[in-house]
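Input: a single structure, listed below in structure tokens.
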Amino acid sequence: MGLDQYATFREKTGEADFYWRKHSRLQEFMEDIWYNKLGRADEFNCKELVLTKEMLQELLDALEKNNLPKSDGGFFYGHEFQDESAKEYHNQDIKFCKEGLKAIEDGMEVVYECWY
């Protein structure tokens, strides 16, 4: 078991997907949106978070500054290796943001989900 993370670009003709495994810093960023910016009280596990252009741009800015938030943990998050995971996924994260911003411009919806 562990943290599995997915992002989907939804449109009428298909889907483009991204996948991460135990990327706790990305999870911390998304949880901040879920709980603090959106004020959600329900558990984030297995829920859809629809990302806006502003959210993706904020993520891209944080990535370009190597400034994703540190994770205090989560039973299955792999937070012990968060620095290594952030480095390993950095290029994929940048690609996700740029493709996600383009997808939104093209009228698609960008959705992030996690399962732990």
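Comparison of ASP83, ASP72, ASP61 shows that the only residue that is of a type in the set (D, E, K, R), part of a helix (DSSP H, G or I) and modelled with pLDDT under 95 is ASP83. If you go through segment 92-113 and keep only what is modelled with pLDDT of 95 or more, of a type outside the set (D, E, K, R) and not in a helix (DSSP H, G or I), you end up with VAL110, VAL111, TYR112.
Here is a yes/no grid of residues against (1) in contact with a strand residue (DSSP E or B) (Cβ under 7 Å, 6 or more places away or on another chain); (2) of a type in the set (Val, Ile, Thr); (3) under 15 Å from TYR116 (Cβ atoms):
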| site | (1), (2), (3) |
| --- | --- |
| GLN5 | yes, no, yes |
| GLU11 | no, no, no |
| ASP17 | yes, no, no |
| HIS23 | yes, no, yes |
| LYS37 | no, no, no |
| ALA41 | no, no, no |
| ASP61 | no, no, no |
| SER71 | no, no, yes |
| GLY74 | no, no, yes |
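Pairs meeting the criteria (first residue in segment 95-116 and free of Cβ contacts under 8 Å to residues at least 12 places away in the same chain, second residue assigned to a helix (DSSP H, G or I), beta carbons under 6 Å, at least 6 apart or on different chains) are lacking. All conditions but one from (1) in a helix (DSSP H, G or I); (2) in contact with a Cys (Cβ under 9 Å, 6 or more places away or on another chain); (3) in contact (Cβ under 8 Å) with a residue 24 or more places away in the chain apply to LYS47; the one that does not is (1).
The values are calculated or read from the model by the stated rules, or taken from the named source; none is laboratory data. Note that this is a predicted model, so its numbers are computed, not measured. A quick note on method: Cβ atoms are made from the backbone with ideal geometry, for glycine too, and the neighbour counts reach across all protein chains shown.
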